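Q: Supplied in structure tokens, the structure appears directly below.
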Amino acid sequence: DVLQTGNIAWGTDEVTVTAGLRKLSDAARGMVAELGPLANQRNFQLNAPSSGLNDYGFLSSGSATAVSTTAVSAPNTSVVTGQAKITTDTLILRRNAAQTGTSAADQGAGSAYDTNPLYIGMRAGTSLPFSGILFGLTAVNALLGGPQLAMMEHATNANTGGF
């Protein structure tokens, strides 16, 4: 199954995306959510698993790509949050309301993510299917912190039961 929005004019270089999910397999990379194909740059994606397998991964890209992963084997139920800001090279991966990974790798240039559809469950509706159950997904064009982030993760967990 795949969902695709119309084009989203993201408008900022910041993102917080939270997904409540049950990952059922680590056999192949699975795309939970992606703003356009990453090869086009100025995009982000949440993977379960990433290309490293047996993990969760979050990628963000300006004109270069940064990646953060956390090792968790399937089957697994979790609330996974990725946060990024291109201009400050911020990339954070959280699992079950705790930070599990970061990257300070250069994300290159870009003052905003590209205007693209958001693909949920598969890359562009054609490849990298997510093998699992998606209980909920929220993506906002801001780098949330403190009470807002906690509220988003706990609301997602209410439907997921990851923590």
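The values are calculated or read from the model by the stated rules, or taken from the named source; none is laboratory data. Since this is a predicted model, take the numbers as computed values, not measurements. All Cβ positions, glycine included, derive from the backbone under ideal geometry; neighbour counts span all protein chains shown. Just so you know, the surface numbers come from the protein's heavy atoms only, side chains and all, with ligands and any DNA or RNA stripped out. Shrake-Rupley method; radii C 1.70, N 1.55, O 1.52, S 1.80 Å.
Q: When the residues of region 65-96 are filtered to those that are in contact with a helix residue (DSSP H, G or I) (Cβ under 9 Å, 6 or more places away or on another chain) and among the hydroxyl-bearing types (Ser, Thr, Tyr), which remaining residue is farthest from Gly11 (Cα to Cα)?
A: Restricting to residues being in contact with a helix residue (DSSP H, G or I) (Cβ under 9 Å, 6 or more places away or on another chain) and among the hydroxyl-bearing types (Ser, Thr, Tyr), the top hit is Thr77.
Quick grid of which residues meet (1) free of Cβ contacts under 8 Å to residues at least 12 places away in the same chain; (2) in a strand (DSSP E or B):
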residue: Leu59; (1), (2): no, yes
residue: Ser68; (1), (2): no, yes
residue: Ala74; (1), (2): no, no
residue: Thr77; (1), (2): no, yes
residue: Gln99; (1), (2): yes, yes
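Q: Please work out which residue is modelled with the lowest pLDDT, limiting yourself to region 96-114 and to residues that are surrounded by 14 or more Cβ atoms within 10 Å (Cβ to Cβ) and farther than 17 Å from Thr18 by Cα.
A: Step one: list which residues in region 96-114 are surrounded by 14 or more Cβ atoms within 10 Å (Cβ to Cβ), which gives 96-97, 100-103, 105, 107-108, 110, 112-114.
So of that shortlist, the ones also farther than 17 Å from Thr18 by Cα come out as 103, 105, 107-108, 110, 112-114.
Values: Ser103: 95, Ala105: 94, Gln107: 93, Gly108: 91, Gly110: 86, Ala112: 94, Tyr113: 94, Asp114: 93.
Per the stated criteria, the residue is Gly110.
Q: I would also like to ask the following. Out of Leu149, Leu59, Leu93, report the one residue that is of a type in the set (A, V, I, L, M, F, W, C), within 14 Å of Arg29 (Cα to Cα) and open to solvent by less than 30 Å² (accessible area, probe 1.4 Å). So that I can check it myself, show each step before the final result.
A: Values: Leu149 fails: within 14 Å of Arg29 (Cα to Cα); Leu93 fails: within 14 Å of Arg29 (Cα to Cα).
Answer to the selection: Leu59.
Q: Give me the residue from region 115-146 that is open to solvent by less than 70 Å² (accessible area, probe 1.4 Å) and hydroxyl-bearing (Ser, Thr, Tyr) and, out of that set, nearest to Gly30 (Cα to Cα). Let's see the steps before the verdict.
A: At the first step, the residues of region 115-146 found to be open to solvent by less than 70 Å² (accessible area, probe 1.4 Å) are 116-125, 127-128, 130-132, 134, 136-140, 142-146.
When the remaining residues are screened for being hydroxyl-bearing (Ser, Thr, Tyr), the result is 119, 127, 131, 138.
Numbers: Tyr119: 12, Ser127: 9, Ser131: 6, Thr138: 18 Å.
The selected residue is Ser131.
Q: Still on this structure: Does region 78-93 contain any residue that is at pLDDT 95 or above and farther than 25 Å from Gly145 by Cα?
A: Checking region 78-93: not a single residue is at pLDDT 95 or above and farther than 25 Å from Gly145 by Cα.
Q: Find the residue count for region 19-53, including only residues that are free of Cβ contacts under 8 Å to residues at least 60 places away in the same chain and open to solvent by 10 Å² or more (accessible area, probe 1.4 Å).
A: 6
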